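In what follows, a structure is listed as structure tokens, so that the remarks can point back to it.
The values are calculated or read from the model by the stated rules, or taken from the named source; none is laboratory data. Note that the structure is a prediction, hence the values are computed from the model and not measured. Glycine gets a Cβ as well: all are built from the backbone with ideal geometry, and neighbour counts include every protein chain shown. Accessible surface areas use protein heavy atoms only, side chains included; no ligands, DNA or RNA. Shrake-Rupley method; radii C 1.70, N 1.55, O 1.52, S 1.80 Å.
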Amino acid sequence: MKNRAKILWILSFLLLTGFGFFLWEYVNYAASWASFPGTPHISGSATVTDRSGVILTGTEDALLRRATVHWIGDRQGNIRIPAVDYKRQFDLVNGLYSYGGFCPKIRLTLHAELQKAALSALGESRGTVAVLNYQTGELLCAVSNPTFDPENMGETVESMFFNRFTQGLYTPGSIFKLVTLGAALEEGVVAENSAYVCTGSLSFGKNRVTCAAPHGRQTVGEAFRNSCNCAFGKMALDLGGEKLSFYCEKFGITKEVLFDGIATPPGYYEKAASVDLAWSGAGQFTTRINPCSFLSFVGAVANGGVRVNPYVIGRVEEGGETLYSPGRPSGERILSQETAEKLQSYLRSNVRDKYGDSHFAHLTVGAKTGTAEVGGEKPNAMLCGFVLDGKYPLAFLICVEEGGYGEKTCLPIAGKLLKMLVEN
């Protein structure tokens with residue numbers, strides 16, 4: 001009898017211990033258990049639409065499913081989207097409100113047709129295309145390729161679950177010259193009448209910074225328009241690695257961006273000297289940018305030096321009641337209005353005097369292309385820019401991996417998207 005009593009006490013102790021452990025786990029993890037994307041009883045409990053009310057969840061449009069899967073996720077849980085998941089209603093007593101008929105409507109800031117057009121423009125190329133309202137912070141477009149159809153996945157492709165816009169890090173190439181020039185203007189290292197002489201190379205003993213051809217004597221604006229590596233190498237040397245690193249942080253290049261439960265990886269700038277510092281000023285060396293944070297910086301230049309945080313959740317409603325809205329955007333000044341206006345003029349000159357306004361439906365556009373050498377067969381093609389027309393406060397960023405020259409590859413994509421926005 002004593003032995004049986006001991007066994008019962010042991011079993012009771014184990015039962016109570018197990019129940020206590022379960023209770024602790026329930027209190028701490030029940031919400032994540034209930035809201036797991038593949039959980040059958042919540043599948044379809046929320047309707048996700050684009051900014052105009054076009055339904056994205058369960059749409060029969062395969063291209064639209066592929067263009068938005070990185071933002072709304074999939075039932076298999078390959079892509080978990082905090083922006084959608086964390087808006088679900090749950091408490092420890094009632095569980096998911098969906099059992100009582102809760103069916104929220106989540107309206108994103110994305111433009112469905114623009115998403116489809118951007119993905120189609122990328123074709124088979126890997127990369128990302130994004131468009132931001134730099135006054136409000138609304139993301140109108142942000143696609144990542146390769147992608148997949150959540151209803152017909154087929155063969156798994158490497159990195160198709162990876163959102164290049166929020167998670168990627170890229171060698172920027174010449175679009176980084178916007179950062180170098182912004183820092184130089186803020187520090188007073190360059191002025192309107194500053195001049196640079198380019199002989200085609202900048203020598204550091206056995207090492208050199210090179211340009212495709214000698215540019216001769218240039219003003220700052222001409223050096224920017226010519227995308228002169230030698231001029232921007234000298235500019236970086238005049239600034240120094242410490243200062244350039246400081247402004248990378250101030251401009252948000254090396255900081256993470258937080259929005260709607262998403263955190264982007266911070267970019268990277270390595271303080272260097274000599275030839276490495278010179279190449280870093282031209283957007284090469286070990287410099288890396290995250291597309292989302294760089295787009296925010298470009299938007300700040302267009303917005304007079306004030307950076308507005310991006311977001312993609314426009315509204316959450318249920319039964320006519322608004323459960324969530326982002327409120328009025330708050331801005332952070334990251335560079336002076338004077339510097340922002342000078343950068344705007346240089347970027348505007350690039351389009352007016354080099355690329356041509358015809359690329360952009362004759363909008364008032366400023367832009368900078370880039371060709372980022374990454375050690376592959378072809379360099380990455382890059383483009384950043386913005387529209388200065390009051391009706392279209394838009395900033396854009398395009399990264400096409402192994403796309404070659406930014407001017408040839410990215411300008412047609414940007415032109416197509418801006419034309420679509422104007423016509424619609």
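The table below lists the values:
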quantity	calculated
Area accessible to solvent at residue 71, 1.4 Å probe radius, in Å²	10 Å²
In the range 130-236, the trypsin sites (Lys or Arg not before Pro) that fall in loop regions by DSSP, at most 11 other Cβ within 10 Å	206
Helix-only mean residue ellipticity at 222 nm for the chain, each DSSP H run of n ≥ 4 adding -39500 (n - 2.57), per residue, nearest 500	-11000 deg cm²/dmol
Per residue solvent-accessible surface (Å²) - the range 215-372, probe of 1.4 Å	38 Å²
Candidate aspartates and glutamates - alpha carbon under 16 Å from residue 206, same-chain residues fewer than 8 apart omitted	276
Gain in span if fully extended, residue 274 to residue 341, counting 0.36 nm per residue against the direct Cα distance	21.1 nm
Rg/Rh for the range 145-254, where both radii come from Cα atoms and Rh is the Kirkwood radius	1.16
Simple spin-label estimate for residue 352 and residue 321 in nanometres, 7 Å along Cα-Cβ	5.4 nm
Projected-area mean, the range 290-424, by convex hull of Cα positions, square nanometres	10.2 nm²
Distant alpha-carbon pairs in the range 327-394 (separation over 15 angstrom), percent	64 percent
Above-threshold pairs, the threshold being 25 Å between Cα atoms, out of 105/419; 243/408; 391/416; 116/250	105/419; 243/408; 116/250
Normalised convex hull volume, the range 231-365, alpha-carbon set, Å³ per residue	138 Å³
Longest segment of the chain lacking GluC sites (Glu not before Pro) that sit in a DSSP loop with at most 12 other Cβ atoms within 10 Å	193-376
Contour excess over end-to-end distance, with Cα ends at residue 402 and residue 416 and 0.36 nm allotted per residue	3.0 nm
All-pairs alpha carbon distance profile, the range 276-334, 10 Å steps from 0, percent	19, 30, 28, 14, 6, 3
Within the accessible area of the range 99-157 (1.4 Å probe), percent carbon and sulfur	44 percent
The chain: DSSP helices with Cα axial extent of at least 24 Å and average Kyte-Doolittle hydropathy no lower than -1.0	2-34, 406-423
Over the chain - Rg/Rh using Cα atoms and the Kirkwood inverse-distance radius	1.09
